[in-house]
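As structure tokens, the structure follows; a few thoughts come after it.
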């Protein structure tokens, strides 16, 4: 087997999360007072790179930030967790991506995302990062950056013999050629229903995973929050080779922000180290459960000794 420079390379977004607590959301034309503004590092790409590194992966990130204070903050946070940043480009004159989040008293949130530099990531950036992407055991992709960049990264990874993991978030239609490279495609139940179309929301997660596997990906993982995950392995032209349910440890949730990114990062790490998708998912549900026990996204991501014990029978 070819020696790889990186366990996990993430091609994705880097955002500053700007969070304000409010007693109630303003009506149109109304102003309300909120809490002090809190700024946290975020973005699905950065989150997954940090979560993987914190679990012990050799992780790198391909993406774009702006030449502003948020960009400097985010680069520093990524470097502090040991993420490789040689292919994290700075876009002059363009702001770093920002998520503006208001959180109500019941913990629900409303989010407006300004992609900023993330929207400038293109196939030329990916081509310049070819050495890093081709040197990865697993390349993790999401859809908070333009689809052409995602497709270009998947092709480079596949041509180099790496494994392509696509977290279809936020949900969007993607070409069959991209789905065919996914091993696995990672979706939650809503994203699975989006791909499967009308009527899918009534489906059991195992049925959705099997149906998605028959649609082209080499394997599929459907995440189910506190109920764990379902893995459909061995997919291809003849369909899936069966589904496996993975139970999640029971924990007291504080904040679910970033739990899906912690799950995907742990899944990628274990796949990079040779686990099958079901075995990788057994660690991933523990990482996702650990992340809900603390507030925030990157601030909640666990180290190996912070993972909860596996669920009974898991």
Pairwise label distance in nanometres, residue 79 with residue 111, each label 7 Å out on the Cα-Cβ vector: 2.7
Two-site FRET efficiency, residue 33 against residue 89, from Cβ-Cβ distance with R₀ of 41 Å, rounded to 0.05: 0.60
Highest to lowest packing among 299-309, 51-61, scored as the average C-beta count within 10 Å: 51-61, 299-309
Spin-label proximity, residue 25 to the range 108-144 - amide N less than 17 Å from point 7 Å beyond Cα toward beta carbon: 108-114
Computed [θ] at 222 nm, deg cm²/dmol, the chain (DSSP H ≥ 4; -39,500 (n - 2.57); rounded to nearest 500): -9000 deg cm²/dmol
GNM top mover of 29, 225, 21 - the chain, alpha-carbon springs below 10 Å: 29
The range 27-114: antiparallel DSSP beta bridges as a percent of all, rounded to 5: 55
Sites residue 131 and residue 299, calculated FRET efficiency, Cβ-Cβ separation with R0 45 Å, nearest 0.05: 0.90
Mean Cα-pair separation over length for the range 212-302, i.e. relative contact order, pairs under 8 Å, 6 or more apart, %: 26
Sites residue 214 and residue 309 - FRET efficiency at Förster radius 30 Å, r taken between beta-carbons, to 0.05: 0.30
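Bear in mind these aren't lab numbers, they're just calculated from the coordinates by the rules spelled out. All figures in this text were calculated on a predicted structure; none of them were measured in a lab. Quick reminder, even Gly has a Cβ in these numbers, built from the backbone with ideal geometry, and neighbours come from all protein chains shown.
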